[in-house]
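First up is the structure itself, then whatever we jot down about it.
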């Protein structure tokens, strides 16, 4: 027989179960209010439920009026009249996510000057779309934006980028990661604008860009005007990491007019101009990158004496393309990079900027193989100061120069010049003779490790500029650092 107390406990337990059940039942309803669906058979007058979807991304984003998720069902969508514009964003704690339905792929074709997706609000993530047509994916005056896992290809509007984050205001916290960009008229992926301080804290990681600047494929070198595969322009604190950029009818990866730009672990193959470029960059870092060419004549640049392949790494203070005079390139570091089969391994250049110069720049522990003009090329105006070229392995082609230009304002020491003329003569700690690589050919940076008995092993100088190698191995392993991008065990 149940006592009154027992019955009371049983009723309380049943009420607790009922309340828990009510909470569990009500949760999906709340989630549903923050989830809107778009489908090819939708209508913008619909509620946006999965069974009653909307027709356009723009209407779906507006209806959320804050954070949540817009799921775009698989199929083909024509984007016109702003139907891909996202004018309502999210918040720090509740982002607006616009994406293809998991397991499906929405294909967006933009027409009449529209972007596939245009982000005009803060705290927005767009991902997993197939984008083609007039323009790609754009973000304008928007902060805290993520553009991820999209395929942008065969874009047609003149001078249009594949993915662009820009604005006439200062933009912050932009991430463009794991996208594929193929055959676009101008720059593949770009953040910033042609003024210093255009943006802060941006990253472009693990993207693949092929055949950017396609509009310039038949343009002579004298015309100029090309963009890049990947570019940070006028930004502070940019990270460009783990990207692959191939067959660029312009520059490969560029930090232009930027400060604290970190270019790490990227691979660049074939470019019309330079594979890795630092144009008016300051306090920036290039490390663990691989630059190479394939002798594809489509990417040769004619300097007046016939076509020639791209340069590997260039720092310059080019003027005229942005509002303001060029500036001295200062505080930059190039370390643990590899360049193979390029015109010049590393170069400093002045382009239409008088005498701004280069200061406090380090070029250390790089490996440059198969350079057709110069391994390292210096331009030395009277304003150069406190630059160092240390512990590099330079293997020029037979008959070409190891070092070109005078060394005013630059200290060179402990470099291995395999062959070719060293203008100005050898410097303290320099070596001559061919190194022995583990493989010595091919497309991978690791093929250019020095063998244990090679010249350059334990022949460098220990510096605070380089404390590890391209693989992250601590330097030195012996009494002295190895020259080049790798440290032997």
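Each value in this text was obtained by applying a stated rule to the coordinates, not by laboratory testing. Computed from a predicted structure; not experimentally measured. Virtual Cβ from ideal backbone geometry, glycine too; neighbours counted across all protein chains shown.
The label point for residue 237 and the one for residue 295, both projected 7 Å from the Cα toward the Cβ, are 4.6 nm apart.
Need one number: the % of Cα-Cα pairs in the stretch 155-309 sitting beyond the 28 Å mark. So the pairs more than 28 Å apart make up 13 percent of the total in the stretch 155-309.
Projected label points at residue 397 and residue 149, each 7 Å from Cα along the beta carbon direction, are separated by 4.4 nanometres. For the stretch 36-155, the relative contact order is 20 percent, taking Cα pairs closer than 8 Å that sit 6 or more residues apart in sequence and dividing their mean separation by the residue count. Neighbour counts of other Cβ atoms within 10 Å put 49, 400 in the fewest-to-most order 49, 400. Against the chain, whose longest principal axis is taken from its Cα atoms, helix 4-33 shows a tilt of about 50°.
Ranked by how many other Cβ atoms sit within 10 Å of their own Cβ, fewest first, the residues 348, 368, 300, 216 fall in the order 300, 216, 348, 368. For the Cα trace of the stretch 341-479, dividing Rg by the Kirkwood Rh returns an Rg/Rh value of 0.96. Under Stokes-Einstein, with the Kirkwood radius over Cα pairs as Rh, the value for the stretch 102-235 at 25 °C and 0.890 mPa s is 168 µm²/s. Once the chain from residue 44 to residue 321 is taken as fully extended at 0.36 nm per residue, the excess over their C-alpha distance is 95.4 nm.
Ellipsoid semi-axes for the stretch 256-351, based on the Cα gyration tensor and the rule √(5λ), read 22, 18, 9 Å when sorted largest first. With the highest mean first, a sort of the peptides 87-96, 382-391 on other beta-carbon atoms found within 10 angstrom per residue produces 382-391, 87-96.
Going through (i) 0.91; (ii) 1.09; (iii) 1.18, the figure that equals Cα Rg over 2.2 N^0.38 Å as computed for the structure here is (iii).
Estimated from helices alone, the mean residue ellipticity of the chain at 222 nm is -2500 deg cm²/dmol (sum of -39500 (n - 2.57) over DSSP H runs with n ≥ 4, per residue). Among 466, 338, the ranking by other beta carbons within 10 Å of each residue's beta carbon, starting with the fewest, stands as 466, 338.
Remark: spin-label model distance residue 283-residue 105 equals 4.3 nm, labels positioned 7 Å along the Cα→Cβ axis.
Restricting attention to the chain, close to 5% of DSSP beta bridges with both partner residues there are antiparallel. With a ≥ b ≥ c taken as the square roots of the eigenvalues of the C-alpha gyration tensor of the stretch 172-217, please select rounded if a/c is under 1.5 and otherwise prolate if a/b is larger than b/c or oblate if it is not? Taking the square roots of the gyration eigenvalues as a ≥ b ≥ c, the stretch 172-217 is oblate. Full extension of the segment from residue 385 to residue 432, taken as 0.36 nm per residue of separation minus the current Cα-Cα distance, would add 14.3 nm.
Ranked by the mean number of other Cβ atoms within 10 Å per residue, highest first, peptides 284-290, 122-128 order as 284-290, 122-128.
Working ranking of peptides 204-213, 175-184 by packing, defined as the average number of other Cβ atoms within 10 Å per residue, highest first, is 204-213, 175-184. Where a ≥ b ≥ c are the square roots of the eigenvalues of the C-alpha gyration tensor, would you call the stretch 333-381 rounded, which needs a/c under 1.5, or, failing that, prolate if a/b is larger than b/c, or oblate? Oblate, since a/c reaches 1.5 and b/c is not below a/b.
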